[in-house]
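Chemist: Sharing a structure, written as structure tokens. Questions coming.
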Amino acid sequence: MARVVVTGWIPADALTSLQGHEVEVWPEGQAQTAEQRFAFVHGAEALLTLVSHNVDADLLDAAGTQLKIVANVGVGFNNIDLAACSARGVIATNTPDVLTDATADTALALVLEVTRRFGEGQRIIRDQRPWAFGLFGMLGVGLAGKRAGIVGPGSIGIATARRLRALGMEIAYAGRSPMRPAAAEELGAERVELDELLATSDVISLHVPYTSQTHHLIGAAQLAAMKPTAFLVNTARGAVVDEAALVEALRAGQVAGAGLDVYEHEPTVHPGLLELENVALYPHMGSATVETRMAMARLAAENAAAVLAGRPPLTEVRASGA
Ligand code: DGY
């Protein structure tokens, strides 16, 4: 029987694969300081971690040398120091695929909200501001026939492209690797360099992992390269975009609007974004459906159970080059 520590609250239903182990889950709704987390993980052989929790060398050392696996409940794993894990012989895993549709739905919602000004409209009603139907009031822009630029043509990028294609958009993409051929064919997707994608797309949706190479991938120069009528959507990681540069570009009218689910310094949001009507802001809820979050938690638990039983994990992640 191993001690398994879950650093955020997860319902017991999602943890049945860990039956027989001593599973300790952080209580629901209870705030947590980093110091408390360090004490909580002590003695764990497996950790289930949230993407908002940093798993660095200090946390691994606080857990102890018996630690075998860090199972992240999330597809993104930039919160985990993979080199520190591998130096200690600790396996790291993530939860790919199970959140693809939910995240793509969120990207679609952001695209629609920001291009059609739905959030702005809702604020008028909720603030009880006077309004009346006007033929040329509250106009947004249509998407059919426009060009969607997908940055990062992995599973979530493809699923987002499918949704935008269903709205009648043309699909272009930029990325380190080509899109899966069947998906590229189905979508009629054109591969272009990032510069061209930025200069020619009407909606740009980001789907790259956060790494040292993608830090501020979209900065002042890239925003300046976008059409002033174009919209930027980010459901990937906040720091892929230089948030201060985005605020400046929005203020200057260099881009038409932005839809964000993730932020550079979560949970803090750049105050400049809060002042702008042409920005849709969600609190990192891309994968937040009951079905998806349960599937993510179950997959993380299965990864931990496998490693504790001496089997290989289902979805291991490794440092590039490792
Ligand atoms: C992830 O999985 O990386 C998301 O950010 C949270 O679902």
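The values are calculated or read from the model by the stated rules, or taken from the named source; none is laboratory data. Just so it is clear, the structure is predicted and the values come from calculations on it, not from any experiment. Ideal geometry is used to build each Cβ from the backbone, glycine not excepted, and the neighbour counts take in all protein chains shown. To get the accessible areas, we keep the full protein, side chains included, count just its heavy atoms, and leave off ligands, DNA and RNA. Shrake-Rupley method; radii C 1.70, N 1.55, O 1.52, S 1.80 Å.
Okay, residues lined up against (1) among the hydrophobic types (A, V, I, L, M, F, W, C); (2) surrounded by 12 or more Cβ atoms within 10 Å (Cβ to Cβ):
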residue	(1), (2)
D127	no, no
P130	no, no
G149	no, yes
A166	yes, no
E170	no, yes
G175	no, yes
E185	no, no
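Chemist: Check E186, E275, E248 and return the single one that is under 20 Å from L143 (Cα atoms), more than 16 Å from the ligand (Cβ to nearest atom) and free of Cβ contacts under 8 Å to residues at least 60 places away in the same chain. Break it down stepwise before answering.
Modeler: Details: E275 fails: under 20 Å from L143 (Cα atoms); E248 fails: under 20 Å from L143 (Cα atoms).
From the options E186, E275, E248, the qualifying one is E186.
Chemist: Could I ask something else about it? Given the structure, is S212 outside the structural domain of N79 (by TED's automatic domain parsing) and closer than 22 Å to P283 by Cα? Talk me through it step by step, then tell me what you get.
Modeler: Details: outside the structural domain of N79 (by TED's automatic domain parsing): yes; closer than 22 Å to P283 by Cα: no.
Here the answer is no, as S212 does not meet what is asked.
Chemist: Let me ask something additional. Looking at the range 22-127, what strands (runs of 3 or more DSSP E) fall wholly within it and have at least 1 residues that are without any contact (Cβ under 8 Å) to a residue 40 or more places away in the chain and within 16 Å of the ligand (Cβ to nearest atom)?
Modeler: Working: elements: 22-25, 46-50, 69-73, 91-93.
Qualifying strands (runs of 3 or more DSSP E): 69-73.
Chemist: Now for a separate question. Yes or no: G286 open to solvent by less than 10 Å² (accessible area, probe 1.4 Å) and in contact (Cβ under 8 Å) with a residue 24 or more places away in the chain?
Modeler: yes
Chemist: Something else about it: Only one of these conditions is not met by M296: (1) within 16 Å of the ligand (Cβ to nearest atom); (2) outside the structural domain of G8 (by TED's automatic domain parsing). Which number is it?
Modeler: Against the list (1) within 16 Å of the ligand (Cβ to nearest atom); (2) outside the structural domain of G8 (by TED's automatic domain parsing), M296 comes up short only on (2).
Chemist: Filter the range 233-253 down to residues that are farther than 28 Å from G154 by Cα and part of a loop (DSSP other than H, G, I, E, B) and give me whichever is most open to solvent (accessible area, probe 1.4 Å).
Modeler: A252
Chemist: Now for a separate question. Assuming A159 fulfils every condition listed in (1) open to solvent by 20 Å² or more (accessible area, probe 1.4 Å); (2) assigned to a helix (DSSP H, G or I); (3) closer than 19 Å to L110 by Cα apart from one, which condition is it?
Modeler: Among (1) open to solvent by 20 Å² or more (accessible area, probe 1.4 Å); (2) assigned to a helix (DSSP H, G or I); (3) closer than 19 Å to L110 by Cα, A159 violates only (1).
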